[in-house]
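The values are calculated or read from the model by the stated rules, or taken from the named source; none is laboratory data. Note that the coordinates shown come from a computational prediction; the quantities given were computed from them, not determined experimentally. Don't worry about glycine lacking a Cβ; one is built from the backbone with ideal geometry, like all the others, and counts go over all protein chains shown. Please note that ligands, DNA and RNA were not included when accessible areas were found on the heavy atoms of the full protein model with its side chains. Shrake-Rupley method; radii C 1.70, N 1.55, O 1.52, S 1.80 Å.
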Amino acid sequence: MASLPAPLRGVFPVLLALLLLGALQVVVGQLPFFVYLSSVVGVNVILAVSLNIVNGMTGQFSIGHAGFMAVGAYVGGKLALEMKDLAISGIPHGVSDQLQLLASLAVGGAAAGVAGFLVGLPSLRLRGDYLAIVTLGFGEMIRVIVSNLEVFGRALGLSGIPQTSSFMMIWMCVFVVVLVARRIQDSAHGRSLLAIREDEVAAEAMGVDTTAYKVRAFVISSFFAGVAGALFAHFVPIINPGSFTFVKSIEVVTMVVAGGLGSISGSIVAAVVLTLLPEVLRSLFLQVGGLEGGAALAQKVDQIRMPVYGILLVILMLSRPQGVFGSRELWDAFPRWWGRGRRAEE
Amino acid sequence: MSTSLLQAQGVAIHFGGLKALSGFELDIHQGDLKGLIGPNGAGKTTAFNVLTGVYLPTAGTVRVAGEVVNGLKPHQINRLGLARTFQNIRLFKTLTALDNVRVACLADTYPFFSRARIEAARRRSSKRSGAAAAMAALNNYVDWWRAMLLTPGFQREERALTVKADALLDVMGLLPRRSEEARNLPYGEQRRLEIARALATGPRVLLLDEPAAGMNTREKADLMVLIRELRTRFNLGILVIEHDMKLVMGICEEITVLDYGETIARGNPERVRTDPKVIEAYLGDSYLAAQGMSVPGGSP
Ligand SMILES: Nc1ncnc2c1ncn2[C@@H]1O[C@H](COP(=O)(O)OP(=O)(O)O)[C@@H](O)[C@H]1O
Ligand SMILES: [Mg+2]
């Protein structure tokens, strides 16, 4: 890819991904369970990779990602409900649906980005632990606010949001967030973020406006959490405050830490594994346990998920605190094959 | 007479009841090479921290390139042309030597407004500082997009940054180590990498906090020669903190001596060395003896 003319290098991967995912869409479109499962996985990958920009690359500790996801889900979902009866004329129905979905993703993401700015600006001036507390509080606050607002359906949530999410759209978003994270990492901006993680005092002394950079990282991260939320709203029958609790935030933090703080591929792998594991266990129990016992066991999977995450985190912190991947990347192993690896560029 | 690049007037800082620094005066011009010495805990590092904006002085003013910088953030003061190294090395440990320097090499070409233009707007009047901030913000916003879209301009700048960083690594003799993570470099090289990183910010005044600490005699001698070279090569004014009195005496034209935050002597090396107060301060610290240096009035 290094031989590509310079102006094309930026957009080429996106076009390629569009084509590939478009083709895949035709193939998997007929497999509803696969599409559902891959949607859940995709949303979690977006959440983990975006949180990694703040927690991994910038070294701040945010534990309120579900709050930003909620903002995106509710704002995007509400917009979709408003647009429900509209259709863009002159183009096929499916395309019009996808364009409307895109609009609600953009608006949901933007709303979450604004929320990120408002939360980040005051709290990122502070150090480490304070951010954790503020983001935790923010996540809970959002939940309380939506459960009391009539427009957002209070505790019942929003239902009837058009289920227009598609395999292609979800994985396109995954692709974009990964691409953005990689390009941040390989730019002067990303190096400034890494410098802040390594030594904030030194970064500041070298002319890096650390507060501004932290806020920017936080806004980008919140934006994608919002996109993930809006996507989520378009494939689950109902969204309610219960979908965006503290538990969800911790789930994402676990993925980022398990994959290795700062490693994009680590976040991806951890998100995929930790999402599929309970699903696989559930269907396994249903298979072996017969209908009666199996269903009970499958239900238990949901109950034991959090304790398992907790234990996993403790074991990881004790045995491999840098996460499975450390801060290395999968694609550094074959730099030529996947674009230009970070090390190969130098 | 050239204009003063770094000036401190009556600077004091108190930590609770402790007067870590008081009545501190300093004046650095282009081409100066001055020294700051004093026993452990005298307030030398604290002086650097006040000058670079880490601490807000309790009293007095600090000027960089004629501008009062009290209350500015360290990164803003750095942008005015003041760079430093740290006594307790603070490199970006897991970044490569090259990336350590590249972080500090902020691009000089910006998508819309040049740095010079923003600076000019900011200096003209305080009313324009809002406009300057807006220009900087717009620059930055566009710059992120250029990085996301890998525009040709962005790619050109990344290459230019790398070339600039490599040149600085070369000056400091670190080019062969460019892909090494900073934490894996030996001590002496880490110290030199800190200097390379500080130079990358394009300073007019360089503050070096014990740059030779932990080096062997040979490395120290080489470093002192290098520091002299840097001054002419980059048109710098340099202020060095150094524990090893022999070294400072050898290269500095003017030396300020601190003791318990007070300036007890200032002048050329000869005068400082024979100053009774200095001798007392160092003897009280039984420092001279430990350094194996000649005692009061001894021949140079
Ligand atoms: N942030 C701080 N809070 C309280 N005391 C400080 C602080 N920084 C420095 N000091 C004190 O100021 C004095 C001068 O320290 P320092 O400037 O590091 O000395 P040195 O001349 O060895 O570099 C010491 O007594 C130190 O304990
Ligand atoms: Mg010191």
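Could you check segment A:221-249 and list, in sequence order, the residues that are within 13 Å of the chain's Cα centre (by Cα) and either within 24 Å of A:Leu297 (Cα to Cα) or not hydrophobic (A, V, I, L, M, F, W, C) (or both)?
A:Ser221, A:Ser222, A:Gly226, A:Gly229, A:Lys248, A:Ser249 - these are the residues of segment A:221-249 that are within 13 Å of the chain's Cα centre (by Cα) and either within 24 Å of A:Leu297 (Cα to Cα) or not hydrophobic (A, V, I, L, M, F, W, C) (or both).
In segment B:246-292, which residues are at pLDDT below 85, touching a strand residue (DSSP E or B) at 6+ places or on another chain (Cβ under 8 Å) and within 13 Å of B:Asn40 (Cβ to Cβ)?
Residue satisfying the conditions is B:Ala281 alone.
Name the one entry in A:Leu156, A:Leu124 that is open to solvent by 30 Å² or more (accessible area, probe 1.4 Å), of a type in the set (A, V, I, L, M) and at pLDDT below 90.
A:Leu156
Select the strands (runs of 3 or more DSSP E) contained entirely in segment B:1-101, then report the ones holding at least 1 residues which are surrounded by fewer than 17 Cβ atoms within 10 Å (Cβ to Cβ) and within 16 Å of ligand 2 (Cβ to nearest atom).
B:6-15, B:18-28
Under the condition of being within 13 Å of ligand 2 (Cβ to nearest atom) and within 14 Å of chain A (Cβ to nearest Cβ), which residue from segment B:206-239 is surrounded by the fewest Cβ atoms within 10 Å (Cβ to Cβ)?
B:Asp209
Just to check your reading of the model, which residue among A:Val208, A:Val174 is in a loop (DSSP other than H, G, I, E, B) and surrounded by 23 or more Cβ atoms within 10 Å (Cβ to Cβ)?
A:Val208
Can you tell which of B:Ala160, B:Ala165, B:Ala147, B:Ala132 is surrounded by fewer than 15 Cβ atoms within 10 Å (Cβ to Cβ) and either more than 21 Å from the chain's Cα centre (by Cα) or more than 23 Å from B:Gly35 (Cα to Cα) (or both)?
Details: B:Ala165 fails: surrounded by fewer than 15 Cβ atoms within 10 Å (Cβ to Cβ); B:Ala147 fails: surrounded by fewer than 15 Cβ atoms within 10 Å (Cβ to Cβ); B:Ala132 fails: surrounded by fewer than 15 Cβ atoms within 10 Å (Cβ to Cβ).
After ruling out the rest, the residue left standing is B:Ala160.
Considering each of A:Val236, A:Val257 in turn, give the residue that is open to solvent by 10 Å² or more (accessible area, probe 1.4 Å) and either part of a helix (DSSP H, G or I) or within 12 Å of chain B (Cβ to nearest Cβ) (or both).
Answer to the selection: A:Val257.
Would you please list the contacts, defined by Cβ atoms under 8 Å and residues six or more apart or on different chains, that run from a residue in segment B:41-53 that is more than 6 Å from ligand 1 (Cβ to nearest atom) to a residue that is open to solvent by less than 10 Å² (accessible area, probe 1.4 Å) and in a loop (DSSP other than H, G, I, E, B)?
B:Gly53/B:Val69
Considering (1) assigned to a strand (DSSP E or B); (2) within 16 Å of B:Met172 (Cβ to Cβ), say which one B:Gly188 fails and leave the rest.
With (1) assigned to a strand (DSSP E or B); (2) within 16 Å of B:Met172 (Cβ to Cβ) applied to B:Gly188, the lone miss is (1).
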